[in-house]
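Working notes for the structure below.
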Amino acid sequence: MNAFILLVLVLSQAVHAQSGTWQRIDLNNKASLRGSAVYQNSLWVTGSNNTVFVSQDAGKTWHDRSVSAEITTDFRDIALFDHNHAIVMGAGTGPQSVLYQTLDAGKTWQRLLLNAAKSGFFNAIAFWDKNTGLLLGDPVDGYYVIKKTQDGGKTWRRIALDKLPTIADNEAAFAASGNTLITGANGQAWLTTGGFAASVYYSNDWGESWRRQAVPLFRATATAGGYALALNQRQQVFVLGGDYQQRAQQYQNIAVYAQQQWQPVDAGLRGLRTAMACNNSVCIISGRTGSDISFDQGQHWQAFDDASAAKTQAGFYTLASSEHVILAAGEQGKVALYVNE
């Protein structure tokens, strides 16, 4: 065997071992799961019909910790602070937009915030620490609702309207999977919007003021644009999206902020992506119809679909990560793990 053939075989085996597979788990609840969070070995997923499931042993066993309440909502985001302390966000019009908190791993829940605006609609929450965080909601009075808490969600104040850009024509925010708002180091925060004006809003003062930049994502329809944001291990910001009415079509679905500008990333143009998570050098992006994986911090990508699922359900709605695992969840109670040894 010559040296070239040996090298090809070695590289092929390395890529195969590196790519791995999804470790599939199916919960006995068939909810549509849109929220996910990981803290060490504590894994949480949330979704429709007030659903919350918790695993405290890295996914081996799961417990139903759903919220019992008069109003039924869709928990599309979750902030997890330790094994026991979490805040879940319900999305929907009027009182369906709500925050609940648990301090005992979901055994009991307390309501923190109820949407008071009839036209209000919560999209995402994100925290820098257990006290300081932000909430993004649909426009009320002509501006996006951005609220801030500094006491762990007990009280919230709306960011002043004169600190926000005016909404662009045909611009919209999506509550796809709670990823339209993220926080970063030193008081940084980002939110993304869609429609015909796909944008990212950026704050470097703990959410007190914001500025907008256009992003190179598909934006040809009212349901297109930015659906999610994420940071890789280098703290580079990625925005991803597409169009939920054209989930599997080919279009630009991911971009990265590099060299002081937003640049498109080639991830195969494989349709809508609503979540991204990274650990070490591995990053995964996903949407209902498929997933893609990168082993170099998001520079290069290859398909990474759930081979055990139907073609139109080969991906997930939501992703979350810790040092060694990426948690994925989707429709019909589907959960999966990617373990990065």
Margin query: Going through ASP296, ASP305 one at a time, which residue ends up being over 27 Å from LEU181 (Cβ atoms) and either part of a loop (DSSP other than H, G, I, E, B) or open to solvent by 60 Å² or more (accessible area, probe 1.4 Å) (or both)?
Written below: ASP305
Check: Restricting attention to the range 308-320, and to residues there that are in a loop (DSSP other than H, G, I, E, B) and closer than 21 Å to THR61 by Cβ, which single residue is most open to solvent (accessible area, probe 1.4 Å)?
Finding: SER308
Item checked: Conditions (1) under 19 Å from the mean Cα position of the chain (by Cα); (2) touching a residue at least 60 places away in the same chain (Cβ under 8 Å); number of the one not met by SER48 -> (2)
Notebook entry, point to check: Which of the residues belonging to the range 321-333 are open to solvent by 10 Å² or more (accessible area, probe 1.4 Å) and either among the hydrophobic types (A, V, I, L, M, F, W, C) or farther than 12 Å from ASN41 by Cα (or both)?
Noted result: VAL325, GLU331, GLN332
Next item on the list: Check whether at least one residue in the range 224-243 is more than 17 Å from GLY184 (Cα to Cα) and open to solvent by 60 Å² or more (accessible area, probe 1.4 Å), and report yes or no.
Entry: no
Notebook entry, point to check: Hey, which of the strands (runs of 3 or more DSSP E) in the range 52-139, taking only ones fully inside, have at least 1 residues that are crowded, with 21+ Cβ neighbours inside 10 Å and of a type in the set (Phe, Trp, Tyr)?
Noted result: 74-80, 98-102, 122-127
Checklist line | Residue count, the range 290-314 (criterion: within 14 Å of TRP22 (Cα to Cα) and of a type in the set (Ser, Thr, Tyr)) | finding: 2
Next item on the list: Check the range 212-232 and report whether any residue there is more than 30 Å from LEU161 (Cα to Cα) and touching a strand residue (DSSP E or B) at 6+ places or on another chain (Cβ under 6 Å).
Entry: yes
Item checked: Condition check for LEU217: assigned to a loop (DSSP other than H, G, I, E, B), open to solvent by less than 50 Å² (accessible area, probe 1.4 Å) and closer than 19 Å to TYR317 by Cα -> yes
Check: Which one of these is part of a loop (DSSP other than H, G, I, E, B) and either touching a residue at least 24 places away in the same chain (Cβ under 8 Å) or buried (at least 24 other Cβ atoms within 10 Å of the Cβ) (or both): GLN252, GLN263?
Finding: GLN252
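The values are calculated or read from the model by the stated rules, or taken from the named source; none is laboratory data. All values derive from a computational prediction rather than experimental measurement. Because the Cβ atoms are built from the backbone with ideal geometry, glycine has one as well, and the counts that use them run over all protein chains shown. Just the protein is used for accessible areas: all its heavy atoms, side chains included, with ligands, DNA and RNA removed. Shrake-Rupley method; radii C 1.70, N 1.55, O 1.52, S 1.80 Å.
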